[in-house]
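Let me begin by presenting the structure, written as structure tokens, before commenting on it.
The values are calculated or read from the model by the stated rules, or taken from the named source; none is laboratory data. Everything quoted here is computed from the prediction, not taken from an experiment. Cβ sites come from the backbone with ideal geometry, for glycine too, and all protein chains shown count toward neighbours. Side chains included, ligands, DNA and RNA excluded: accessible areas come from the protein's heavy atoms. Shrake-Rupley method; radii C 1.70, N 1.55, O 1.52, S 1.80 Å.
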Amino acid sequence: MTGASGYIGGRLVPALLDAGYAVRCLARTPAKLRDHPWADRVEVVRGDVTDAASLAEAMRGAQIAYYLVHALGGGRDFEEKDRRAARTFGEQARAAGLRRLVYLGGLTPAGVPERELSPHLRSRAEVGRILLDCGVPTAVLRAAVVIGSGSASFEMLRYLTERLPVMVTPSWVGTTLQPIAVRDVLRLLVGCAELPEEVSRAFDVGGPDVLTYREMMQRYAAVAGLPRRLIVPVPVLTPRLSSQWIGLVTPVPPAIARPLAESLRHEVVCHERDIARYVPDPPGGLLGVDRALRLALQRVRDAEVATRWSSASVPGAPSDPLPTDPDWSGGSLYTDRRERRAAASPEALWRVIEGIGGDRGWYSSRFAWSVRGRLDRFAGGVGLRRGRRDADRLRVGDSLDFWRVEEIEPGRLLRLRAEMRLPGLAWLELRVGTDAQGRTVYRQRALFHPHGLTGHAYWWAVAPFHGLVFGGMARNITEAATAAEAARPAGTATRQPG
């Protein structure tokens, strides 16, 4: 399994386990899988789809491989990266004697020359062809919009519809499409493991409803109990302007929004349903749009979102580990340290730390954080609106506004890595400890490794605001823990971390 830390992969792993398969996951950073509820039921191999040696190790003894990676928003050379990765994967699958490959790609419009497709849709089609030509029987599932709690398509639809009762929209809201519920995608992916050996082809997959994006927005409004939306399409919004517009209104950054918007320029509907001959529809039939939207929205409201579009790392984000040596030999490392005693138990302090970000904010100047988030969005970054997957619990790999959880030791340490646009690498550590007298101590450390002169200039330009931002954070976190401890009824047991 590749892409196990991503949106589809993180849900497909438990589905395969429940179907009785033994699963081995290939991961560049195995720690990102450590806190998933299924982590102790899988084998994890460190590696990358572009590294032939690690692929050979991961595929040894395997029968089926799922290819669920692509460079969505991955820079100008993403097509070459996708091409190289797919070729390496196919070559190693053939050498390992695998009996089946399964790939989830994008649904391409019929009759449209490939040169007119968006670069990302064109690349996903090319990856499918490369895998089909590798010599291993391959099933390529081609889906349009996937509806499920936490998917980028659903988040884009949800925020646009909820926040804009009246909207001037790009012309692609009139494009006809055939969405599919995420649970049907997962059912089909699991079913592909048992396809006959002679089946090696692409399949169009979609739900029972064919409708325009405008109609889907109105369907969402009805399901969410919102008044009917007034939608006025205009032809002048280019894909680039569309992505900026989406990025302004939704948590989906322009780098992700653009390929989503570009994929809607042409009609994307299924022209065959041959997959049903091999993986029959469930007894109740495929989920329709209304039912899929209702289930996804309920998951969001119940805070039961298993994976999100932001589960995968932001393309281009740094991946080097945090320097553990304070006198890091890799270059300059600026540090801002704060330490405060808290009149609260370590458990109460940890609850505040683990609940940081999202709707609760960052326990310091909301205005300063808001401005930083807006600047990041303006620069094409993710901004603050990604929020949290779960309101109370974090796991390694979770996105947290414009940070990502790099390490978590329940009750002791939360380390965040910045995914905002910066001229360098940045981390934020929040720790719980005790002093010599046994009193609870909060320790906070912000680190910044500058890239070039611009990085040094950035640190010194923002240094005067550290007292307001980082000092205020340390003060308010300890005060929040103290207040929470005081509000706890006498004799109430404290939840142990983890």
Legend entry - Per residue solvent-accessible surface (Å²) - segment 1-135, probe of 1.4 Å: 45 Å²
Inset, instruction - Name the residue farthest towards the positive end of the dipole of segment 367-415 from the options Phe378, Ala391, Leu413, assuming +1 on Cβ of Lys and Arg, -1 on Cβ of Asp and Glu, about the Cα centre. - result: Phe378
Inset, instruction - Report the antiparallel proportion of the DSSP beta bridges in the chain as a percent, rounded to a multiple of 5. - result: 55 percent
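Where the accessible area of segment 80-141 is counted over protein heavy atoms with a 1.4 Å probe, how much of it, in %, is carbon and sulfur?
Working: 1100 of 2430 Å².
C and S atoms contribute 45 percent here.
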Inset, instruction - Please name which of Val223, Ala4, Val352 has its Cα lying farthest along the dipole of the chain towards the positive end, using unit charges on Cβ (Lys, Arg +1; Asp, Glu -1) and the Cα centre as origin. - result: Val352
Legend entry - For segment 194-204, 3J(HN,Hα) per residue [Karplus equation, 6.51 cos²θ - 1.76 cosθ + 1.60, θ = phi - 60°, Hz, x = Gly/Pro]: 10, 5, x, 4, 6, 7, 9, 6, 9, 10, 7
Inset, instruction - Apply the Karplus parameterisation 6.51 cos²θ - 1.76 cosθ + 1.60, with θ equal to phi minus 60°, to every residue of segment 448-457 and state each ³J(HN,Hα) to the nearest whole Hz, in sequence, with x for glycine and proline. - result: 9, 9, x, 9, x, 4, 4, x, 5, 4
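To the nearest 0.05, how large is the calculated FRET efficiency for Tyr159 and Ala343 if R₀ is 41 Å and r is the Cβ-Cβ distance?
0.55
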Legend entry - Nonlocal amide H pairs with Asp209, under 5 Å, H built at 1.01 Å: Val289
Legend entry - Förster-model FRET efficiency, 30 Å R0, Glu194 and Glu116, C-beta, rounded to 0.05: 0.25
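Mind listing which trypsin sites (Lys or Arg not before Pro) in segment 42-118 are in a DSSP loop and have 16 or fewer other Cβ atoms within 10 Å? All intermediate terms of the calculation are to be shown ahead of the outcome.
Details: sites: Arg46, Arg60, Arg76, Lys81, Arg83, Arg84, Arg87, Arg94, Arg99, Arg100, Arg115; in loops: Arg60, Arg76, Arg99.
Within segment 42-118, the qualifying trypsin sites (Lys or Arg not before Pro) (loop, at most 16 other Cβ atoms within 10 Å) are Arg60, Arg76, Arg99.
Which shape class applies to segment 1-159: rounded if a/c is under 1.5, otherwise prolate when a/b exceeds b/c and oblate if not, where a ≥ b ≥ c are the square roots of the Cα gyration tensor eigenvalues? The partial results should precede the final answer.
Working: a/c = 1.70, a/b = 1.19, b/c = 1.42.
Taking the square roots of the gyration eigenvalues as a ≥ b ≥ c, segment 1-159 is oblate.
Sort segment 1-85 into rounded, prolate or oblate with this rule: let a ≥ b ≥ c be the square roots of the eigenvalues of the Cα gyration tensor; rounded if a/c is under 1.5, and if a/c is not under 1.5, prolate when a/b is larger than b/c, oblate otherwise.
Details: a/c = 1.91, a/b = 1.52, b/c = 1.26.
Prolate shape, in that a/c is at least 1.5 and a/b is the bigger ratio.
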Inset, instruction - Relative to the longest principal axis of the C-alpha atoms of the chain, give the angle of the C-alpha long axis of helix 366-378, reported between 0 and 90° and rounded to the nearest 10°. - result: 30 degrees
Inset, instruction - Please determine, in degrees from 0 to 90 and to the nearest 10, the orientation of helix 289-301 with respect to the longest principal axis defined by the Cα atoms of the chain, where the helix direction is its Cα long axis. - result: 10 degrees
Legend entry - Per residue, in Å², the accessible surface of segment 356-498 once ligands and nucleic acids are set aside, probe 1.4 Å: 45 Å²
Legend entry - Long-range amide H partners of Leu107 with built H, under 5 Å: Ala143, Ala144
Legend entry - When the chain is reduced to its Cα atoms, the Kirkwood hydrodynamic radius in Å: 24.2 Å
Inset, instruction - Could you tell me how many degrees, from 0 to 90 and to the nearest 10, lie between the Cα long axis of helix 213-223 and the main elongation axis, the longest principal axis, of the Cα atoms of the chain? - result: 60 degrees
Inset, instruction - May I ask you to evaluate 6.51 cos²θ - 1.76 cosθ + 1.60, the Karplus curve with θ = phi - 60°, for each residue of segment 78-84 and list the ³J(HN,Hα) values in order in whole Hz, giving x for glycine and proline? - result: 5, 5, 5, 4, 4, 4, 5
Inset, instruction - Could you order Cys25, Cys270 so the one with the most accessible surface comes first? Probe is 1.4 Å. - result: Cys270, Cys25
